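The values are calculated or read from the model by the stated rules, or taken from the named source; none is laboratory data. No experiment lies behind these values; they were computed from the predicted model shown. All accessible areas refer to the heavy atoms of the entire protein, side chains included, with ligands and DNA or RNA removed. Shrake-Rupley method; radii C 1.70, N 1.55, O 1.52, S 1.80 Å.
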Amino acid sequence: MASTASRTGCVELGHGCHAWIAGEGGWGMSNAGLITGRGQSLLVDTLYDLRLTKTMLDALTPLTATAPIATVVNTHGNGDHWFGNQLVAHAEIIAARGSVADMRQVGPAEMLALTGMDSAAGHFARRIFGRFDYAGIEPALPNRVFDGETTLDIGGTEVRLIDVGPAHSAGDTIVHVPQARTVYTGDIVFAGAAPVVWHGPFTRWLAACDLLLGLDADIVVPGHGPVTTKQAIREIRDYLEYVHEQATARFTAGMPAMDAARDIRLGRFADLHENERLAVNVHTVYRELDPVLPPLDGPGLFGCMAELCPRV
């Protein structure tokens, strides 16, 4: 994936925009952002647990001392983008309607249950999420919900929120700062890692990529991975098209979903991290093609990835 060099911590992007980048990649190691205006700031996402979120907020203090965080935008409902909300609960917390639905469905208690299971899914979840501490997290849900698109004024800086979901999840918000030619994409963009299509449909994610490519923006802050450019969006789009094609061909041939996931060769996408997500992506394609097919629950999806993931 095309990207600039990764570093841990706060990256200044110009025009009051900053990215908080998780220098160490992997499941749950998500990014956040800070947009500062006159006397106030907007925080894009919190992190997967309270320790990580506190470390970020402390490091951002030189910026937020004169421009306190008045607004938080959660880009979607996966816990690695909102479990730290309680540490900024004084702010107005905004999310798309679908994102709030996801938050209500899977919170810290559900993650504790998943990682505590004595099963292949539980073992895999502990392996990838063992670094995070879900204990003591009190879910702080958004107190403002929006539909479609809305525009905010953050101390004189225009910030556009656009819900491009359902795609990665039930609601996916991109945060566009036109003056800074910068966009925070949430998990519509993974830089250097395979995307995971928890919800779909694929067509909505492809449309979201097209929307991002059409924005007047040079700087792309992905949900995971280093600050990057529009080339990363093109490559995510290519991956999604390729997987949909490959899975559709195997569905048409009558191949079961897990057999299809094992059979697909990823070619130029094989070097992406977390490629076990292919199992989820194939299941999502199969559900699109056969709406009667029952969706898998969280343990079911993680169990499929455990089957596909080489043991370490």
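Nearest 5 percent is fine: what portion of the DSSP beta bridges confined to the chain is antiparallel? All intermediate terms of the calculation are to be shown ahead of the outcome.
On the way: 28 of 43 bridges.
Antiparallel bridges make up about 65 percent of those DSSP assigns within the chain.
How large is the helix-only mean residue ellipticity at 222 nm for the chain, computed as the sum of -39500 (n - 2.57) over DSSP H runs with n ≥ 4, divided by its residue count, in deg cm²/dmol to the nearest 500? Don't jump to the answer; show the numbers that get you there.
Working: 10 runs with 107 residues, N = 312.
When only DSSP H runs of four or more count, the value is -10500 deg cm²/dmol.
Per 0.36 nm of contour for each residue apart, how much would the distance between residue 123 and residue 12 grow if the chain were fully extended, relative to their Cα-Cα spacing?
Values: separation 111, 0.36 × 111 = 39.96 nm, distance 3.81 nm.
Full extension of this stretch gives 36.2 nm more.
Full extension from residue 151 to residue 265: what is 0.36 nm times the residue separation minus their Cα-Cα distance, to one decimal in nm?
Values: separation 114, 0.36 × 114 = 41.04 nm, distance 4.23 nm.
That pair, residue 151 and residue 265, stretches by 36.8 nm at full extension.
Taking the Cα atoms of region 41-159 alone, what are Rg (to one decimal) and Dmax (as a whole number) in Å?
Looking at region 41-159, its Cα Rg and Dmax stand at 15.4, 52 Å.
Please check: in the Gaussian network model of the chain (C-alpha springs, under 10 Å), which one of 157, 46, 55 has the largest mean-square fluctuation.
Among 157, 46, 55, the largest GNM mean-square fluctuation belongs to 55.
Taking only complete DSSP H runs, can you tell me which helices of the chain stretch 24 Å or more along their own long axis by Cα positions and average at least -1.0 on the Kyte-Doolittle scale? Don't skip to the end; give the middle numbers.
Working: long enough: 230-252 (33 Å, -0.89).
TM-like helix candidates: 230-252.
If you roll a 1.4 Å probe over the heavy atoms of the protein chains, what accessible area per residue do you get for region 55-138, in Å²? Walk me through the numbers on the way to the answer.
Numbers: 3500 Å² over 84 residues.
On a per-residue basis, 42 Å².
Can you run the Rg to Rh ratio on the chain? Use alpha carbon positions and the Kirkwood inverse-distance Rh. Write down the numbers at each step before the final one.
Numbers: Rg = 18.6 Å, Rh = 19.5 Å.
With Rh from the inverse mean 1/r over Cα pairs, Rg/Rh is 0.95.
Over the chain, what percent of the accessible surface lies on carbon and sulfur atoms, probe 1.4 Å?
53
In sequence order, what are the phi-derived ³J(HN,Hα) couplings for region 79-93 according to the Karplus relation 6.51 cos²θ - 1.76 cosθ + 1.60 with θ = phi - 60°, rounded to whole Hz, with x for glycine and proline?
Once rounded to whole Hz, the list reads x, 6, 10, 8, 4, x, 4, 4, 7, 10, 5, 6, 8, 6, 10.
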